[in-house]
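Here's the structure, in structure tokens; my notes come after.
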Amino acid sequence: MTSTLRSAMASGMTCSCILLGLIHTSTTAQTETTFEITVPASAHAETITGRVYVMISRTADREPRSQIGRTGQPFFGRDIEQLEPGDVATIDASDLGWPVSSLRDLPAGEYYVQGFVNVYSEFRRSDGHVLWMHDDQWEGQQFNRSPGNLYSDVQSIQLDPAAGYTVRLVAGNVIPPIEFPENTEWVERFRIQSPMLTEFWGRPIYLGATVLLPRDYQSTTIEYPVLYRQGHFSTRNPLRFSVGGDLFQEWIKDDYPRMLVVTFQHPTPYFDDSYAVNSVNVGPYGDALLQELIPEIEKRYRIIKEPWARLLDGGSTGGWEALALQLFHPDFFGGTWSYCPDPVTFTNVEGVNIYEDENAFYKDRGWFVVPTINTRETNGEVRLTSKQRNQFELVSGTKGRSGEQLDIWAAVYSPIGEDGYFEPLYDKKTGVIDREVAEYWREHYDLLYYMQRNWDWLGPKLVGKLYIYTGDMDNYYLNNAVMEMEAWMRTTENPHYPGFFMYGRGRGHCYSGPVTTAERLKEMAQHIMRHQPAVRDTQWWQY
């Protein structure tokens with residue numbers, strides 16, 4: 001750590017200590033600001049280990065629990081262990097909040113308030129660790145709408161930290177189960193319990209697939225290519241397909257290529273998506289997808305079981321997955337279209353260079369330090385700093401249980417910590433980066449580094465298969481890592497393969513090129529035609 005950054009952090013800690021002292025002195029004379037949340041036995045008869053929140057909004061157009069988020073309304077949280085029915089869980093000025101850090105800092109005014117309880121489950125993992133996590137209920141790790149979680153009625157109340165208050169909230173409402181969409185003529189869905197993941201986590205873990213069928217699928221016997229589309233958890237129709245929509249109008253034409261489009265559902269106890277790779281913290285999701293889910297899909301549906309007929313695409317999280325699956329399994333997939341992928345190298349993880357920066361919250365500029373920017377608008381204006389983004393996640397959940405983006409990266413990419421949760425890349429309160437964890441990220445999941453180390457055997461398998469798109473003003477700076485990958489690929493030899501890269505000028509997250517979805521599928525079909533064996537018929541395109 002340089003003297004400038006160390007000095008700045010020391011000054012910050014000194015100020016913090018002074019402020020804490022002042023706060024401690026002043027609060028002894030102040031009336032307390034407290035929320036007391038109880039769960040009646042009629043709503044949840046067992047003890048609860050989890051996290052309790054109070055959510056506060058200025059408007060009543062939606063419940064406060066639906067208004068929280070990275071740039072949303074204030075909320076505050078505290079972990080609870082073995083809370084008995086009827087017992088009180090307290091949130092007060094000592095609990096961290098977002099975007100207001102303490103209840104003490106909330107301006108006096110009229111508010112709508114709501115108590116909430118995120119119920120955790122015990123996971124006895126096969127590695128011997130026992131973790132308490134939120135068990136996804138097919139909502140995609142969105143705790144504020146997860147079935148089985150508890151919430152209070154909304155109260156309209158005057159809050160004044162100077163005068164003090166105690167607000168009592170009864171979390172007596174239970175979020176009901178989510179209905180699984182029914183199959184239609186065009187879209188079918190299924191889910192299976194994964195033996196691999198169930199064994200790893202010690203509780204039932206499920207995988208799912210949503211399948212868009214080509215025209216005349218039910219009346220033919222031929223086999224079709226497949227596009228495996230990656231992305232965040234959703235059971236919606238692939239490609240936002242809807243009867244009567246723009247894609248539908250092309251999909252039903254006689255001269256339009258026939259293929260299946262499949263989206264995966266693979267939520268984890270950490271996030272709505274596993275990142276489609278094996279991880280010591282998240283589990284063998286890469287193996288489960290390739291050895292359990294895809295074989296099940298190819299058993300249920302008439303799919304050409306050849307690499308040239310299996311394509312990948314996806315954006316953001318899905319963009320990283322689509323690229324990672326192609327790189328890690330080059331003999332299984334025949335091409336990938338990666339849109340605005342998450343960091344393909346970790347020299348820029350939403351503004352943080354994990355290999356060179358000493359702190360995730362600040363950049364050392366020699367004589368001064370500046371905040372690291374996490375999110376920007378396409379005109380360059382700052383939306384969130386790294387410190388702010390991390391505070392939001394920390395309020396959402398400790399030990400990486402926020403269900404948010406930075407935490408899932410750490411869960412997937414990091415080694416296991418002594419307590420069984422992942423070893424953090426950096427301290428979420430100070431921002432100090434752990435150099436050993438950074439190196440673990442590089443060795444296991446840095447996609448550019450993986451290509452550089454393995455190009456002699458990997459390169460020949462990738463030629464003609466990589467298509468990468470991003471806006472040059474990506475809101476999360478994801479374009480910077482893509483540009484670094486492109487610069488290196490231009491230098492490749494034996495074979496020389498520069499890949500295909502396209503940048504949307506002034507475009508943000510998530511740019512996927514200038515063509516429509518229907519046109520992109522035609523591009524993919526042409527790619528398949530170029531790579532399929534000459535003896536193979538083309539009935540899948542034209543009958």
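Of note:
- The stretch 155-186 versus the stretch 247-266: alpha-carbon centroid distance in Å: 39
- Largest-first ellipsoid semi-axes for the stretch 362-444, taking √(5λ) over the Cα gyration tensor eigenvalues, angstrom: 24, 16, 12
- Per residue, the convex hull around the alpha carbon atoms of the stretch 434-478 comes to 99 Å³.
- Ranked by how many other Cβ atoms sit within 10 Å of their own Cβ, fewest first, the residues W320, W409 fall in the order W409, W320.
- Modelled FRET efficiency - R0 60 Å, A487 with Q158, Cβ distances, 0.05 increments: 0.55
- With each label modelled as a point 7 angstrom along the Cα→C-beta vector, the N494-R240 pair spans 4.7 nm.
- The slack between E46 and V432, meaning 0.36 nm per residue of separation minus the straight C-alpha distance, is 135.0 nm.
- Inter-label distance for F368 and R124, nm, one decimal - labels placed 7 Å from Cα along Cα-to-Cβ: 5.8
- Two-site label geometry, N454 and Y165: point separation in nm, points 7 Å out along Cα→Cβ: 5.6
- Unsatisfied cross-links (Cα-Cα over 20 Å) in the set K253/K465; K363/K429; K399/K428: K253/K465
- FRET efficiency, 1/(1 + (r/R0)^6) with R0 51 Å, evaluated for R58 and M502 via beta carbons: 0.75
- The order of H134, H44, H266, H531, going from fewest to most other C-beta atoms within 10 Å of their C-beta, is H531, H44, H134, H266.
- Remark: the stretch 257-263, residue by residue, has Karplus-estimated 3J(HN,Hα) of x, 9, 7, 9, 10, 10, 10 Hz, where x stands for each Gly or Pro and the curve is 6.51 cos²θ - 1.76 cosθ + 1.60 at θ = phi - 60°.
- Cα shape, the stretch 32-174, gyration tensor, a/c 1.5 rule: prolate
- Relative counts (whole %) of C-alpha pair distances in the stretch 390-543, using bins that are 10 Å wide: 9, 25, 30, 23, 11, 3, 0
- Using the alpha-carbon positions of the stretch 260-388, Rg (one decimal) and Dmax (whole number) come out as 18.5, 64 Å.
- Residues S66, S512, S156 arranged by fewest to most Cβ contacts within 10 Å: S156, S66, S512
- Loop-resident sites, the stretch 475-543, for GluC sites (Glu not before Pro), counting at most 15 other Cβ within 10 Å (DSSP): E493
- What the Cβ-Cβ distance of Q539 and F180 gives, at R0 = 51 Å and to the nearest 0.05, is a FRET efficiency of 0.95.
- A DSSP coil position with no more than 13 other Cβ atoms inside 10 Å describes none of the chymotrypsin sites (Phe, Trp or Tyr not before Pro) in the stretch 420-486.
- Dividing the summed -39500 (n - 2.57) terms of all DSSP H runs of n ≥ 4 by the residue count of the chain sets its mean residue ellipticity at 222 nm at -7500 deg cm²/dmol.
Values in this text are rule-based calculations from the coordinates and carry no lab data. Please read all numbers here as calculations on a predicted model, not as lab measurements. Here Cβ is always computed from backbone atoms with ideal geometry, including for glycine, and neighbour counts include all displayed protein chains.
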